[in-house]
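Written below as structure tokens is the structure these notes are about.
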Amino acid sequence: MSTAIALIRHRAGTIDPALAAIVLVLVVLAIADPGQLWPSGRFTIDNLISILPYLAASILLAAYAAATGADNLIARAFQGRTATMVVSAALIGAISPFCSCGVIPLIAALLTMGVPLAPVMAFWLASPIMDPSMFVLTAGTLGTEFAIAKTMAAIGLGLIGGFGIWALMGMGLLKAPLRPGIGDGGCGGAKVRSPRDVTWRFWREPQRRETFGRNGLRNSIFLGKWLLLAFLLESVMLAYVPGELIVKVLGQGGLLTVALATIVGVPAYLNGYAALPLVAGLVGQGMAPGVGMAFLVAGGVTSIPAAIAVFALARLPVFFAYIGFSLVGALLAGLLYGLVA
């Protein structure tokens with residue numbers, strides 16, 4: 001009996017959780033609503049293709065850095081400049097063209113290179129909230145004032161997360177941000193790996209070519225399967241949960257309503273572009289602007305697809321810090337904008 005249990009446990013441990021979840025979702029759809037299989041599959045593939053350029057660029061960058069030895073140089077460039085880098089990362093993140101899922105491959109690349117976690121977290125939190133096209137669309141639907149305020153919220157959230165992580169690391173926490181086996185186990189800025197020669201033309205050395213191929217393949221499989229699951233779940237939520245219903249429960253304003261908007265925004269399945277017209281319509285009907293701000297900020301950073309990707313990439317303390325700083329930042333953004341709007 002004990003042998004059988006041990007065998008079951010061993011086999012269960014070899015099952016890939018992401019692939020198992022994908023199969024489970026597809027099986028449930030096939031049984032419960034076969035007509036949704038094609039729309040969900042198409043939605044998933046379309047979204048994966050849309051972030052493919054970012055995914056490929058980040059994977060190739062990480063593989064190139066590992067093969068050439070440049071990752072150690074990048075890590076050294078960030079040493080001793082944490083405060084400056086946090087501010088810079090928050091500012092750059094607020095204008096970068098990455099969504100909450102599209103930024104994940106870049107984050108993985110930065111962390112595996114040994115870039116400190118504090119500026120990475122600042123960029124990580126600020127990036128999904130605003131970009132140039134989002135600014136234009138936000139200004140067109142909710143007004144220029146709202147768009148500027150949302151940009152400031154993105155920068156503020158980045159600063160809160162970056163300096164918050166810096167403080168936690170100063171207490172000896174969050175020394176290893178990545179899960180075991182991802183990249184080369186980046187140090188998150190706790191230290192810089194031992195020096196080694198940098199060979200920019202890595203393809204001339206068989207060992208470095210092997211490093212490039214191994215690193216690229218491993219990151220491609222890892223990120224691909226988790227993003228596949230993320231977009232598949234997003235398609236299911238879009239199909240069965242009316243977007244208007246989620247936003248309409250947020251009420252007319254006040255501390256409790258802004259807090260509720262923050263909490264609801266965390267698992268929000270709407271991408272930033274889809275959420276804008278809904279929030280604009282409800283603000284026009286009397287919903288407090290601060291409530292809409294809290295919802296958009298929280299949802300932009302911690303939608304379920306993004307949360308799954310972060311959970312797969314980072315250790316649990318980093319994951320909970322990401323969620324926690326998102327909640328705090330979205331709540332403050334909603335309350336502050338509610339006061340001045």
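I'm trying to understand the selection: among the residues of the range 13-70, which are outside any helix (DSSP H, G or I) and touching an Asp or Glu at 6+ places or on another chain (Cβ under 8 Å)?
Gly69
Give the residue that is farthest from Leu26 (Cα to Cα), with candidates limited to residues of the range 206-220 that are surrounded by 13 or more Cβ atoms within 10 Å (Cβ to Cβ) and of a type outside the set (Gly, Ala, Ser). Spell out the reasoning first.
Just the residues of the range 206-220 that are surrounded by 13 or more Cβ atoms within 10 Å (Cβ to Cβ), to begin with: 208-209, 211-212, 214-216, 218-220.
Those left that are additionally of a type outside the set (Gly, Ala, Ser): 208-209, 211-212, 214-215, 218-219.
Details: Arg208: 39, Arg209: 38, Thr211: 35, Phe212: 34, Arg214: 30, Asn215: 30, Arg218: 25, Asn219: 24 Å.
Here the answer is Arg208.
Quick one: which residue in Leu117, Leu137 is touching a residue at least 60 places away in the same chain (Cβ under 8 Å), under 20 Å from Trp166 (Cβ atoms) and of a type outside the set (Lys, Arg)? Explain how you work it out, then say what you get.
Details: Leu137 fails: under 20 Å from Trp166 (Cβ atoms).
Result: Leu117 is the single residue among Leu117, Leu137 that is touching a residue at least 60 places away in the same chain (Cβ under 8 Å), under 20 Å from Trp166 (Cβ atoms) and of a type outside the set (Lys, Arg).
Would you point out the residue of the range 257-279, among those that are surrounded by fewer than 20 Cβ atoms within 10 Å (Cβ to Cβ) and at pLDDT 75 or above, that is farthest from Ile155 (Cα to Cα)?
Selected residue: Leu260.
Gly170 versus (1) modelled with pLDDT of 75 or more; (2) among the small types (Gly, Ala, Ser); (3) touching a strand residue (DSSP E or B) at 6+ places or on another chain (Cβ under 7 Å): which is the lone unmet condition?
Of everything listed in (1) modelled with pLDDT of 75 or more; (2) among the small types (Gly, Ala, Ser); (3) touching a strand residue (DSSP E or B) at 6+ places or on another chain (Cβ under 7 Å), Gly170 misses just condition (3).
Could you list, in sequence order, all residues of the range 76-95 that are assigned to a helix (DSSP H, G or I), at pLDDT 75 or above and over 19 Å from Leu178 (Cβ atoms)?
Those that are assigned to a helix (DSSP H, G or I), at pLDDT 75 or above and over 19 Å from Leu178 (Cβ atoms): Ala83, Thr84, Val86, Val87, Ser88, Ala90, Leu91, Ile92, Gly93, Ala94, Ile95.
When the residues of the range 96-113 are filtered to those that are in a helix (DSSP H, G or I) and either more than 18 Å from Pro53 (Cβ to Cβ) or hydroxyl-bearing (Ser, Thr, Tyr) (or both), which remaining residue is modelled with the lowest pLDDT?
It comes out as Thr112.
Looking at Met287, Met293, which one is crowded, with 21+ Cβ neighbours inside 10 Å, of a type in the set (A, V, I, L, M, F, W, C) and outside any helix (DSSP H, G or I)?
Met287
The values are calculated or read from the model by the stated rules, or taken from the named source; none is laboratory data. Since this is a predicted model, take the numbers as computed values, not measurements. No Cβ is skipped: glycine too gets one built from the backbone with ideal geometry, and neighbour counts run over all protein chains shown.
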